[in-house]
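Note sheet for the following structure.
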Amino acid sequence: MAQPAAMPHDDHDHPHALLPPEPALRVKALETILTRKGLVDPAALDEIIDTYQNKIGPQNGARVVAKAWTDPEFKRALLEDATPVVADLGFYGRQGEHIVVVENTPAQHNMVVCTLCSCYPWPLLGIPPGWYKSDAYRARAVREPRKVLAEFGVALPSETAVRVWDSTAEIRYLVLPMRPKGTVSLDEDALTALVTRDSMIGTGLPKVPS
Amino acid sequence: MTDCIAHTAPEPVFAEPWHAQVFAVTVALNEAGRFDWPEWATRFSATLKRHGLKKELDGGEDYFRAWLETLETLLVDGGETNAGDIDAVSAAWEKAYLTTPHGSPVELSAD
């Protein structure tokens with residue numbers, strides 16, 4: 001992470017409050033202007049931040065995946081039309097209006113990117129990680145997916161095709177990874193713990209039970 | 001090309017408080033109906049593309065700088081504010097930080 005642009009008093013006593021970096025001041029300015037106009041409410045902003053920092057994250061998607069692994073009827077419905085199915089579990093709202101789940105099989109591995117910006121199924125995965133938003137991933141995921149997968153430590157059998165899905169503001173994809181071998185005796189909660197964020201983006205595989 | 005590899009350590013959702021703030025302001029305005037998300041995505045991707053011509057964006061600080069620029073432009077285009085206002089209120093905040101004793105809450109004077 002880049003250092004903030006202006007932190008002039010890092011190593012001595014501060015005679016005044018620490019000056020935030022320039023973009024932080026501009027964000028504060030926007031917030032002030034919009035609050036004065038009644039267009040935003042500071043309490044609502046705190047609530048939004050708290051939600052994405054503490055409440056919504058890949059654990060939501062992991063529950064969906066684990067349920068799909070254990071309940072064939074749920075899985076069938078999920079692959080057919082995911083949005084209402086995950087909404088029934090309480091995962092809906094911002095950037096979750098149209099979610100499509102793509103299933104990994106021995107014949108096809110799926111991987112998700114947003115080539116335009118950073119579209120991502122927030123209700124299931126939270127806010128995307130930095131690398132998902134980087135130019136490098138956005139450009140290379142499409143051009144050389146196997147090489148990118150190798151950098152993530154994912155080596156696929158040569159007979160497995162890789163399909164890359166481009167999420168947009170209208171359609172957001174979630175990968176349903178394959179259930180790891182040796183998990184027959186595990187219940188849904190134990191399976192949930194094996195599902196990583198990256199396995200639902202397609203840049204990783206689920207953990208294997210120890 | 002190093003970013004795809006550096007993914008193992010857990011990372012905070014927002015690396016800097018202002019990243020969270022600008023995100024929240026945008027989401028709140030979207031929910032209030034000031035713009036729809038496809039419009040946001042179109043504008044934001046155009047900013048990213050423009051910034052990406054100058055250097056390869058790493059998806060961190062530069063991503064949120066592009067986000068902030070997009071939001072400012074969108075608000076100026078929509079008549080909600082103008083560049084002069086943003087500069088002036090931003091300068092007022094800077095002054096408030098520089099004149100508030102360390103440890104006291106920083107507040108904007110009501111002028």
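The values are calculated or read from the model by the stated rules, or taken from the named source; none is laboratory data. Not measured: the values here are computed from a predicted model. Don't worry about glycine lacking a Cβ; one is built from the backbone with ideal geometry, like all the others, and counts go over all protein chains shown.
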> Which residues, taken from the stretch A:23-41, are surrounded by 15 or more Cβ atoms within 10 Å (Cβ to Cβ) and farther than 13 Å from B:Leu75 by Cβ?
Replying inline: A:Pro23, A:Ala24, A:Leu25, A:Lys28
> What about A:Pro106, is it without any contact (Cβ under 8 Å) to a residue 12 or more places away in the chain, more than 30 Å from B:Ala91 (Cβ to Cβ) and more than 14 Å from chain B (Cβ to nearest Cβ)?
Replying inline: no
> Of all residues in the stretch B:51-67, which are at pLDDT 90 or above and either in contact with a Lys or Arg (Cβ under 6 Å, 6 or more places away or on another chain) or more than 8 Å from chain A (Cβ to nearest Cβ) (or both)?
Replying inline: B:His51, B:Tyr63, B:Ala66, B:Trp67
> Among the numbered criteria (1) within 21 Å of A:Pro42 (Cβ to Cβ); (2) aromatic (Phe, Trp, Tyr); (3) in a helix (DSSP H, G or I), which single criterion is violated by B:Phe35?
Replying inline: (3)
>> If B:Phe44 meets every condition in (1) more than 16 Å from the chain's Cα centre (by Cα); (2) in a helix (DSSP H, G or I); (3) within 7 Å of another protein chain (Cβ to nearest Cβ) apart from one, which number is that one?
In response: (1)
> Within the stretch A:122-153, how many residues are of a type in the set (D, E, K, R), surrounded by fewer than 23 Cβ atoms within 10 Å (Cβ to Cβ) and modelled with pLDDT under 95?
Replying inline: 1
>> With the requirement that a residue be more than 7 Å from chain B (Cβ to nearest Cβ) and either assigned to a strand (DSSP E or B) or hydrophobic (A, V, I, L, M, F, W, C) (or both), what does the stretch A:15-63 give you?
In response: A:Leu18, A:Ala43, A:Ile56, A:Ala62
> Here are some residues: A:Glu73, A:Glu97. Which one is on the phi < 0 side of the Ramachandran plot and either within 9 Å of chain B (Cβ to nearest Cβ) or part of a loop (DSSP other than H, G, I, E, B) (or both)?
Replying inline: A:Glu97
> Say we look at the stretch A:149-175 and pick out the residues that are farther than 21 Å from A:Lys133 by Cα and assigned to a loop (DSSP other than H, G, I, E, B); which of these is farthest from the other protein chains (Cβ to nearest Cβ)?
Replying inline: A:Glu159
> For the stretch B:73-99, which residues satisfy the criterion of being more than 7 Å from every other protein chain (Cβ to nearest Cβ), outside any helix (DSSP H, G or I) and either β-branched (Val, Ile, Thr) or touching a residue at least 40 places away in the same chain (Cβ under 8 Å) (or both)?
Replying inline: B:Gly78
>> Against the conditions (1) within 29 Å of A:Glu159 (Cα to Cα); (2) out of contact with any strand residue (DSSP E or B) (no Cβ under 9 Å at 6 or more places or on another chain), where does A:Gly57 fall short? Just the number, please.
In response: (1)
> Out of A:Ala62, A:Ala44, which single residue is touching a residue at least 40 places away in the same chain (Cβ under 8 Å) and among the small types (Gly, Ala, Ser)?
Replying inline: A:Ala62
>> Any residue that is more than 7 Å from chain A (Cβ to nearest Cβ) and either under 22 Å from A:Pro121 (Cα atoms) or in contact with a helix residue (DSSP H, G or I) (Cβ under 6 Å, 6 or more places away or on another chain) (or both) - is there at least one of those in the stretch B:22-29?
In response: yes
> Among the listed residues A:Leu34, A:Leu79, which satisfies the condition of being among the aliphatic types (A, V, I, L, M), within 30 Å of B:Arg65 (Cα to Cα) and either at pLDDT 95 or above or not assigned by TED's automatic domain parsing to the domain that holds A:Thr192 (or both)?
Replying inline: A:Leu34
